[in-house]
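A.B. asks: What follows is a structure written as structure tokens; I'll ask about it next.
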Amino acid sequence: MDWQAQAKEKRESISALIPENWRLKFPVPSAAKQRDVTGAYIQQFLSPEEISITETDAVGIVEKTTNGTWKSRDVAEAFCHRAALAHQLVNCLHEIFFDAALSDAQALDDYYAKHKKPIGPLHGLPVSLKDQFHVTGVETTMGYVGWIGTFEGKKGTGKERVFESEMVKELRNLGAVLYCKTSVPHTLMAGETVNNIIGYTFNPKNRNLACGGSSGGEGALIGLKGSPLGFGTDIGGSIRIPAAFNGLYGLRPTSGRLPYSGMANSMEGQNSILSVVGPLATSVGALRLVTKSVLSQQPWLYDPLVNELPWRDEQEQAILNIAKSGKGGQLAFGIMRSDGNIYPQPPVRRAMEIVVKTIEKLGHKAIEWKPPSHQRCLELAFKTWLFDGGKDIHEAFALSGEPMASQVSSVYGERKPEYTASQICAVNVAKREYQREYLEYWNSTVELTGTGRPVEAIISPLAPFAAARPDMYDYYGLSVWVNFLDYSTSILPVTLVDKNVDVVDEGYTPMNSQDEKIHLGYDPELYDGAHVAVQIVGRRFQEEKVLVLTEILGDALGKHVV
């Protein structure tokens, strides 16, 4: 069977798992006719009860499932239905296991009925997973045709459809209900989601645009409220980009905070910049709930790369004490409007100014961020992803003979020489030196803040645009620096593109050819209505602090739940 036939068979098998009564009875209108399929558009296919359940955030859901007000099975069925609709609208699912989810949810209801208590803090909470997680009963293709019917491209391992990732085990122990796995770009190394199995996953808020990547299916699904909370991964922006493009909250933890053990990945063994696992959701409370819950399982006992670092309420409380003291207590933020290589498009710049004004209105300080050269950081980062010369990726494509999407082939289209051990060591030494310089700069801001402390966090764009246009995501510098420094980072949804306000910069003088390309790619009419977000960057292992800072600003923007 050729790769086209394999992909078609897999694609059709996914759609066949959608119950007949959940299938759309007419073709989805074009993006020109129906740009936004969130909100009222998807609601037309749901009952009032299903809308009420699926538009409650994860915190609200577990409040009701853990006290018996809502049945876990009813919640699971509502999200399975909405997820099925989401897939038909934007191609966001790789695996569907609704029957298993409903069975698991019923078991939770039976447990509650017998014991009069929940099984754990996530009792009855539906959780979606990026297609890197191994889950019993279903495949992990990671977008590769050659991985269909295998375990990470290998046959006869004995792990096919029975092995589970560590995070999956912990979510089950906590009472979560797992029901689907979401789309990714093959290789994972793109800010758009496209592969030869399900095609292109569009942005549900504005279907002219990308949903982001590589956790793009998660972003699109949660953006359509087909999931209250999901897990993605991030090696160059892959949690933050989809969260931002879909108007969601997201958390990119420092490597070693949450368990990654037993997940599929690209370029296994490249340890200079580690991929990390983290949540996307519709509220900061949801991110806190699930992170705190996973840490309660002591994942450091099961994943050797996880640091023994339980959830620290005191980190949050320290920030709240300052912010709410009413005695001149101030927080200070570094403001990075540009990385020195490109200048973001008008909607992103406006979002930055909204956040700066919000900080100042709350009585806090905004200080211009002037760090060491980000260009140095990017040059080193992109070397790490070519240590093997593209060997791992080319071997995965060779399994089926399928072609690379253009979003990937621009970097990995041709095999390159592999780095020697000495060359890899040199990159690692340069990385360590850069991290030290950045740390020293951050510490030096104590002289500017007036608070007696360095800045609490950095506010910056995470992409040059509100969302990428298809096949036009050419600059990753605004997200990659965070991975290089391994900082704890969240996404703060801010506003929507307004074509009447976010007009084209007439007479703009680009800094370079890359900046010019980004400038020319902005079309107010095309972008109108798209989500716009920024990132909040803390130091390493400051997840608690970053989340409370994000919540303070999100609440001030009127976005407690999005």
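A.B. asks: Compute the normalised compactness of the stretch 424-482: alpha-carbon radius of gyration over 2.2 N^0.38 Å, N being the residue count.
C.D. replies: On the way: Rg = 15.9 Å, N = 59, 2.2 N^0.38 = 10.4 Å.
Normalised Cα radius of gyration, the stretch 424-482: 1.54.
A.B. asks: Over the stretch 338-420, what per residue volume does the convex hull of the Cα atoms give, in whole Å³?
C.D. replies: Details: hull volume 13.1 nm³, N = 83.
For the stretch 338-420, the hull spanned by Cα atoms encloses 158 Å³ per residue.
A.B. asks: Please express the Cα-Cα pair-distance distribution P(r) of the stretch 157-214 as a list of whole percents, one per 10 Å bin, running from 0 to the bin with the greatest distance.
C.D. replies: Going out from 0 Å in 10 Å bins, the stretch 157-214 shows 20, 32, 34, 13, 1 percent.
A.B. asks: Over the Cα atoms, compute the radius of gyration (one decimal) and Dmax (the largest Cα-Cα distance, rounded to a whole number) for the chain, in Å.
C.D. replies: Just the Cα atoms of the chain yield Rg and Dmax of 22.4, 71 Å.
A.B. asks: So, one more: May I ask you to order 518-526, 412-420, 493-501, 287-295 by the average number of other C-beta atoms within 10 Å around their residues, highest value first? Don't skip to the answer; put the middle values down first.
C.D. replies: On the way: 518-526: 16.3, 412-420: 13.2, 493-501: 18.2, 287-295: 23.3.
My ranking of the peptides, most packed first, is 287-295, 493-501, 518-526, 412-420.
A.B. asks: A follow-up question, please. Hey, can you grab everything whose amide H is under 5 Å from the amide H of L229? Only 5+ residues off in sequence or another chain; H modelled, so Pro and N-termini drop out.
C.D. replies: Correct list: S128.
A.B. asks: Ok, one more. Take the Cα gyration tensor of the stretch 244-303, multiply each eigenvalue by 5, square-root it, and list the three semi-axes largest first, rounded to whole angstrom.
C.D. replies: On the way: eigenvalues 94, 57, 14 Å².
So the three semi-axes of the stretch 244-303 are 22, 17, 8 Å.
A.B. asks: Under a 5 Å amide H to amide H cut-off, with H placed in plane at 1.01 Å, what residues pair with V494 once short-range neighbours are removed?
C.D. replies: Under 5 Å from the amide H of V494: V532, A533, V534.
A.B. asks: Nearest 20 debye, what's the magnitude of the dipole of the stretch 497-562 about its Cα centre given +1 on Lys and Arg Cβ and -1 on Asp and Glu Cβ? Display every interim value, and only then the final one.
C.D. replies: Working: 6 positive and 13 negative charges, 91 e Å.
Result for the stretch 497-562 is approximately 440 debye, rounded to the nearest 20.
A.B. asks: Could you give me the ³J(HN,Hα) list for the stretch 104-117, computed from phi with Karplus coefficients 6.51, -1.76, 1.60 and θ = phi - 60°, whole Hz, x at Gly and Pro?
C.D. replies: These are the phi-based 3J(HN,Hα) values: 5, 5, 5, 4, 5, 4, 5, 4, 5, 4, 7, 9, 6, 7 Hz.
A.B. asks: Going out from 0 in 5 Å bins, what whole percent of all Cα-Cα distances in the stretch 208-346 drops into each bin?
C.D. replies: Per 5 Å bin, starting at 0, the Cα pair percentages come out as 2, 9, 14, 17, 18, 17, 13, 7, 2, 1, 0.
A.B. asks: Write down the accessible area per residue of the stretch 1-145 in Å², having rolled a 1.4 Å probe over the full set of protein chains. Walk me through the numbers on the way to the answer.
C.D. replies: On the way: 6240 Å² over 145 residues.
On a per-residue basis, the stretch 1-145 sits at 43 Å².
A.B. asks: Using Cα-Cα distances under 8 Å and only pairs 6 or more residues apart, what relative contact order does the chain have, in percent? All intermediate terms of the calculation are to be shown ahead of the outcome.
C.D. replies: Numbers: 1215 pairs, mean separation 91.4, N = 562.
Dividing the mean separation by the residue count of the chain yields 16 percent.
A.B. asks: Let me ask another. Calculate, in whole percent, how much of the Cα-Cα pair population of the stretch 1-155 lies beyond 18 Å. Each step should come with its number before you reach the end.
C.D. replies: Values: 7729 of 11935 pairs.
Tail of the P(r) past 18 Å holds 65 percent of the pairs.
A.B. asks: Search the structure for amide H atoms under 5 Å from the amide H of I335, placed 1.01 Å from N in the peptide plane, and list their residues when 5 or more places away or on another chain.
C.D. replies: Amide H to amide H, under 5 Å and 5 or more residues apart or across chains, I335 pairs with I367, E368, W369, I459.
A.B. asks: Taking the Cα centre of each part, how many Å lie between the stretch 424-491 and the stretch 101-115?
C.D. replies: 44
A.B. asks: Taking the dipole about the Cα centre of the stretch 399-462, with the C-beta of Lys and Arg at +1 and of Asp and Glu at -1, give me whichever of A426, T449, A405 is farthest to the positive side.
C.D. replies: Of A426, T449, A405, it is A426.
A.B. asks: Size of the dipole of the stretch 264-388 about the Cα centre, Lys and Arg at +1 and Asp and Glu at -1 on the beta carbon, nothing else charged, in debye to 20?
C.D. replies: Working: 14 positive and 12 negative charges, 150 e Å.
Charge dipole of the stretch 264-388: 720 debye, to the nearest 20.
A.B. asks: Nearest 500 deg cm²/dmol is fine: what mean residue ellipticity at 222 nm does the chain get from its DSSP H runs of n ≥ 4 alone, each adding -39,500 (n - 2.57), divided by its residue count? Don't skip to the answer; put the middle values down first.
C.D. replies: Details: 21 runs with 221 residues, N = 562.
One gets -11500 deg cm²/dmol as the mean residue ellipticity at 222 nm.
A.B. asks: In whole Hz and in residue order, list the ³J(HN,Hα) couplings for the stretch 253-270 that follow from phi through the Karplus curve 6.51 cos²θ - 1.76 cosθ + 1.60, θ = phi - 60°; x for Gly and Pro.
C.D. replies: Computed from phi, the couplings for the stretch 253-270 are x, 5, 4, x, 8, 10, x, 10, 4, x, 9, 6, 6, 9, 6, 3, x, 7 Hz.
A.B. asks: Still on this model: For a quick protection proxy, order the peptides 156-164, 548-556 by their average other-Cβ count within 10 Å, most packed first. Intermediate values should be presented prior to the final figure.
C.D. replies: Working: 156-164: 12.8, 548-556: 21.3.
The densest-packed peptide leads the list: 548-556, 156-164.
A.B. asks: If the only charges are +1 at each Lys and Arg Cβ and -1 at each Asp and Glu Cβ, what is the size of the charge dipole of the stretch 24-123 around the Cα centre, to the nearest 20 debye?
C.D. replies: Numbers: 10 positive and 13 negative charges, 20 e Å.
Dipole of the stretch 24-123, to the nearest 20 debye: 100 debye.
The values are calculated or read from the model by the stated rules, or taken from the named source; none is laboratory data. It should be emphasised that the depicted structure is a prediction, and the values quoted were computed from it without experimental measurement. Every residue, glycine as well, gets a Cβ built from its backbone with ideal geometry; the counts of neighbours run over all protein chains shown. Side chains included, ligands, DNA and RNA excluded: accessible areas come from the protein's heavy atoms. Shrake-Rupley method; radii C 1.70, N 1.55, O 1.52, S 1.80 Å.
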